Amino acid sequence: MISSDEFEMQREADRLEEVVTEASNLAARFGLEPYPVNYWIVDYDEMNELIAYGGFQQRYPHWRWGMAYDRQQKQGQFLGGKAFEIVNNDNPAHAFLQVSNSLADQKAVITHVEAHADFFNNNEWFGLFADDPDAAAMLARHADTIEEYMHDPEIDRAEVEKWIDHVLCLEDNIDQHAIYEPVSADGDVPELETADIDEELEDLELSEEVRRQVFDDEWLEAQSEDEDGPSFPEEPDPDVLGFLRKHGKQYDDEAGKALEMEDWQKDILGILRREAYYFAAQQMTKVMNEGWAALFESKMMTDENFAGEDEFITYADHMAKVLGAPGLNPYKLGMQLWEYIENTENRRHVAEKLLRVEGVTWRNFQDTVDIERVMDLLEPDDAVASIDSESLDDVDPADPRFDAEALERGRAGEIDLDRYPWKVLTYEGMAQRHYSLVKPQYRGFLARISKSELERISRYMFDDARYDSVEEAVADVDYAVGWDRMREVRESHNDVTFLDEFLTQEFVDANDYFTYEYMHSSDDYRVTSTDHEDVKKKLMLQFTNFGKPTVVVADGNYENRNELLLDHQYNGVMLDIEQAKNTLERVFELWGRPVNLRTIVKEYDDHDIEVARRRDSEPEPTERGRLIRFDGMEFTEEELDWEEVEHLAATEVDYDTKPEEWLA
């Protein structure tokens, strides 16, 4: 006998069976190639648990999941937020639908998920972890392993939890641009000519009197501060977790020195590093991925009327809330950028055709070409724009815009053309049916083409074919070039490269983006620029290294004392020094010996601030190098000469954002 809750979930699953099938079919008509998706119906509490677990049903025991669950519940209870779905990157992907969703919301979620699954399957950054992921099984194995350690009578559970805390503090400090590879502690560690003198003397068990007589302080200091000793790695290593897994030790309080990590410590460090690499691609493509899913959800739900007449208002209201959420909204920014890519590629292609019309050049284009006439010619014809059973009789089965087999079934009445007219169209037919430039909101996009862009298009036109008329040129337009270009971009880019390449001045002006800064002179925030380069830099700072400070391993034998030296790659934003110190305490536990952090700080002179306030301008800060050291007991700070930190500072923020280099 099944419970009422189980009955309700089964009834919802039965109701959505056709929706899932047809959403998958529609996604394929749009040219999407998603992983197969398994849909699961869950209740409110289960949805909150899944969100807390990052989209998976089993994770390792830790307090962070409870905190995330509590936050999610309170958001829904007090802030009115509601989680409609969650989908994970897996093959097959798994998506979870809340049983209490309306049918309009379920359809929106399913179309959104199909686009996510397409992105997971085709974006190369996800392939850096594994070509064929089985993430759910991997995370379940990790959970079982860590749980076994926690229940091992020979291991203190509190120590396991504390160790996890240490590692999680550094979970974003990996080389997100490299293919994931496991590491072992048997790596190539250089033979250090000068070992830790204090440790060696301690092993000799000499009396304090003998130590003072034979090894005076001056000699000890000279040995330990020999800066000419071997250092490693050869190049700065951004994979801090990997470096600690290979070369780190644990600090033993009782022994008062560094000892080799226990096997369980090595294993957990490796597990959490592996999970960090798995989730990296999702963090690196948040804007692209959510924008892609929002765009194709909108195309399916509204342009193809997947939302029924009685569902459309509910869907439109919820979509407006998603896109209208305040702050940096990845759904809105991503969707706007994808639409801009589609429009600009379509515009370039049409302009290229028109520039081949006899008598049309880039110089006279805007005076010679009747743009409104062009727009009318670009409108899809009735055959693809208005499909019904009667119009199919006039369609040529050889028309590449139509699927010949589906056309025959449609004529036989086997397809419900009132609900699913798109079923008789091919990818080419769908591209013409949904051509972006003729949509009311973008109808002026072609007319806004600049003379400089026309000149640039002309310069790279190698095909010298000519058209006798505008009509002939427009008849040769490929309606799918915009979608084809979007699919190319989806394959190779991440958020940083996406913003770097496509966030132009035209985009910033059209969508009213701007930067704002805290003003020391007025002690408030003000709009500072609408220049696209400024907007781009501001946005890219929030996505480079997941918006976290970039810290790399500079030396594992700093000053030949087996100390760790970390470098903060300064991009104009200084570290929160107190947070940095808290992190160094965690790093010490994973290194077992003193740790150092080299960074750059900004200092403002009070007099300069007062002068700037009177002049309504901004004071210029002084940038200084600083070294923070933690020896397990106390912190010390010292100022560094600029020559020692100059390599950390970027004169212009260098994001090194060429995907072809990263993926080489």
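The values are calculated or read from the model by the stated rules, or taken from the named source; none is laboratory data. Just so it is clear, the structure is predicted and the values come from calculations on it, not from any experiment. Every residue, glycine among them, receives a Cβ derived from its backbone with ideal geometry; neighbour counts consider all protein chains shown.
Could you check how many residues of segment 154-175 are over 18 Å from A276 (Cα atoms) and not in a helix (DSSP H, G or I)?
3
Would segment 337-355 turn up any residue that is in a helix (DSSP H, G or I), of a type outside the set (S, T, N, Q) and farther than 30 Å from E453 by Cα? Break it down into steps so the answer makes sense when it comes.
Applying the first criterion (in a helix (DSSP H, G or I)) to segment 337-355 yields 337-354.
Filter once more, so that each one left must be of a type outside the set (S, T, N, Q): 337-342, 345, 347-354.
Narrowing further to those that are farther than 30 Å from E453 by Cα: none.
No, segment 337-355 contains no residue that is in a helix (DSSP H, G or I), of a type outside the set (S, T, N, Q) and farther than 30 Å from E453 by Cα.
Within segment 434-462, can you find the residues that are part of a helix (DSSP H, G or I), among the basic types (K, R) and under 34 Å from the mean Cα position of the chain (by Cα)? Working first, answer last.
Looking only at segment 434-462, we keep the residues that are part of a helix (DSSP H, G or I), and these are 436-438, 440-442, 446-448, 451-459.
Restricting the remaining residues to those that are among the basic types (K, R) gives 448, 451, 456, 459.
R448, R456 - these are the residues of segment 434-462 that are part of a helix (DSSP H, G or I), among the basic types (K, R) and under 34 Å from the mean Cα position of the chain (by Cα).
Can you spot a residue in segment 317-332 that is at pLDDT 95 or above, polar (S, T, N, Q) and closer than 29 Å to G54 by Cα?
Within segment 317-332 (the criterion being at pLDDT 95 or above, polar (S, T, N, Q) and closer than 29 Å to G54 by Cα), the answer is no, since none of the residues qualifies.
If I ask for residues that are in contact with a Leu (Cβ under 9 Å, 6 or more places away or on another chain) and either modelled with pLDDT under 90 or charged (D, E, K, R) (or both), which ones from segment 549-568 would you list? Write out each step before concluding.
Of the residues in segment 549-568, the ones in contact with a Leu (Cβ under 9 Å, 6 or more places away or on another chain) are 549, 551-560, 562, 564-568.
P549, D555, E559, D567 - these are the residues of segment 549-568 that are in contact with a Leu (Cβ under 9 Å, 6 or more places away or on another chain) and either modelled with pLDDT under 90 or charged (D, E, K, R) (or both).
Which of the residues that make up segment 479-496 are assigned to a loop (DSSP other than H, G, I, E, B) and within 14 Å of the chain's Cα centre (by Cα)?
Looking only at segment 479-496, we keep the residues that are assigned to a loop (DSSP other than H, G, I, E, B), and these are 479-480, 493-494.
Result: H493, N494.
Hey, can you tell me all the residues within segment 275-333 that are surrounded by fewer than 19 Cβ atoms within 10 Å (Cβ to Cβ) and among the β-branched types (V, I, T)?
Passing the criteria: T302, I313, T314, V322.
Of the conditions (1) outside any loop (DSSP other than H, G, I, E, B); (2) more than 25 Å from the chain's Cα centre (by Cα); (3) modelled with pLDDT under 95, D188 satisfies every one except a single condition; which number is it?
(1)
Taking A178 as the residue in question, decide whether it is within 32 Å of the chain's Cα centre (by Cα) and part of a loop (DSSP other than H, G, I, E, B). Please lay out each step first, then the result.
On the way: within 32 Å of the chain's Cα centre (by Cα): yes; part of a loop (DSSP other than H, G, I, E, B): yes.
Yes.
Of the residues in segment 363-374, how many are in a helix (DSSP H, G or I) and surrounded by 12 or more Cβ atoms within 10 Å (Cβ to Cβ)? Give the derivation first.
Applying the first criterion (in a helix (DSSP H, G or I)) to segment 363-374 yields 365-368, 371-374.
Going one step further and asking which of them are surrounded by 12 or more Cβ atoms within 10 Å (Cβ to Cβ), we end up with 365-366, 368, 371, 373-374.
Number satisfying all stated conditions: 6.
Across segment 519-539, what is the total count of residues that are at pLDDT 85 or above and in contact with a strand residue (DSSP E or B) (Cβ under 7 Å, 6 or more places away or on another chain)?
Going through segment 519-539 one residue at a time, the tally reaches 3.
Residues are listed down the side, and each one gets a yes or a no for (1) free of Cβ contacts under 8 Å to residues at least 40 places away in the same chain; (2) assigned to a loop (DSSP other than H, G, I, E, B); (3) closer than 21 Å to V360 by Cβ:
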{"site": "D376", "(1), (2), (3)": "yes, no, yes"}
{"site": "A383", "(1), (2), (3)": "yes, no, no"}
{"site": "D399", "(1), (2), (3)": "yes, yes, no"}
{"site": "G410", "(1), (2), (3)": "yes, no, no"}
{"site": "D416", "(1), (2), (3)": "yes, yes, no"}
{"site": "Q432", "(1), (2), (3)": "no, no, no"}
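Answer yes or no: is there a residue in segment 199-207 that is on the phi > 0 side of the Ramachandran plot and either modelled with pLDDT under 90 or charged (D, E, K, R) (or both).
Quick first cut of segment 199-207, residues on the phi > 0 side of the Ramachandran plot only: 205.
Right, trim to either modelled with pLDDT under 90 or charged (D, E, K, R) (or both) and you get 205.
Within segment 199-207, one or more residues are on the phi > 0 side of the Ramachandran plot and either modelled with pLDDT under 90 or charged (D, E, K, R) (or both).
Show me the strands (runs of 3 or more DSSP E) entirely contained within segment 577-664 in which 1 or more residues are under 28 Å from R526 (Cα atoms) and at pLDDT 70 or above.
Details: elements: 595-603, 622-630, 635-640.
Hits in segment 577-664: 595-603, 622-630.
Evaluate the following for L499: is it part of a helix (DSSP H, G or I) and in the same structural domain as Y442 (by TED's automatic domain parsing)?
Numbers: part of a helix (DSSP H, G or I): yes; in the same structural domain as Y442 (by TED's automatic domain parsing): yes.
Answer is yes for this residue.
I need the helices (runs of 4 or more DSSP H) fully contained in segment 241-334, keeping only those with at least 1 residues that are among the aliphatic types (A, V, I, L, M) and without any contact (Cβ under 8 Å) to a residue 24 or more places away in the chain.
Working: elements: 263-284, 286-298, 312-323.
Correct list: 312-323.
Could you list, in sequence order, the residues of segment 334-368 that are of a type in the set (V, I, T) and more than 30 Å from N289 (Cα to Cα)?
Going through segment 334-368, the residues of a type in the set (V, I, T) turn out to be 341, 344, 350, 357, 360-361, 368.
Listed by number, the residues that qualify are V357, V360, T361, T368.
Just to be sure, is A473 of a type outside the set (S, T, N, Q) and surrounded by fewer than 13 Cβ atoms within 10 Å (Cβ to Cβ)?
Values: of a type outside the set (S, T, N, Q): yes; surrounded by fewer than 13 Cβ atoms within 10 Å (Cβ to Cβ): no.
Taking the combined requirement at face value, the residue does not satisfy it.
Only one of (1) under 18 Å from the mean Cα position of the chain (by Cα); (2) aromatic (F, W, Y); (3) surrounded by 22 or more Cβ atoms within 10 Å (Cβ to Cβ) fails for F96. Which number is that?
The number of the failed condition is (1).
For segment 521-540, what are the residues that are surrounded by fewer than 16 Cβ atoms within 10 Å (Cβ to Cβ) and not in a strand (DSSP E or B)?
S522, D523, T530, D531, E533
Inside segment 1-54, can you point out the residues that are charged (D, E, K, R), in a helix (DSSP H, G or I) and touching a residue at least 24 places away in the same chain (Cβ under 8 Å)?
Initially, segment 1-54 is screened for residues charged (D, E, K, R), giving 5-6, 8, 11-12, 14-15, 17-18, 22, 29, 33, 43, 45-46, 49.
Subset that is in a helix (DSSP H, G or I): 5-6, 8, 11-12, 14-15, 17-18, 22, 29, 45-46, 49.
Hits for segment 1-54 are D5, E8, E12, R15, E22, R29, E46.
From the list E559, E578, exactly one residue is of a type in the set (D, E) and in contact (Cβ under 8 Å) with a residue 24 or more places away in the chain. Which is it?
Details: E578 fails: in contact (Cβ under 8 Å) with a residue 24 or more places away in the chain.
That would be E559, the only listed residue that is of a type in the set (D, E) and in contact (Cβ under 8 Å) with a residue 24 or more places away in the chain.
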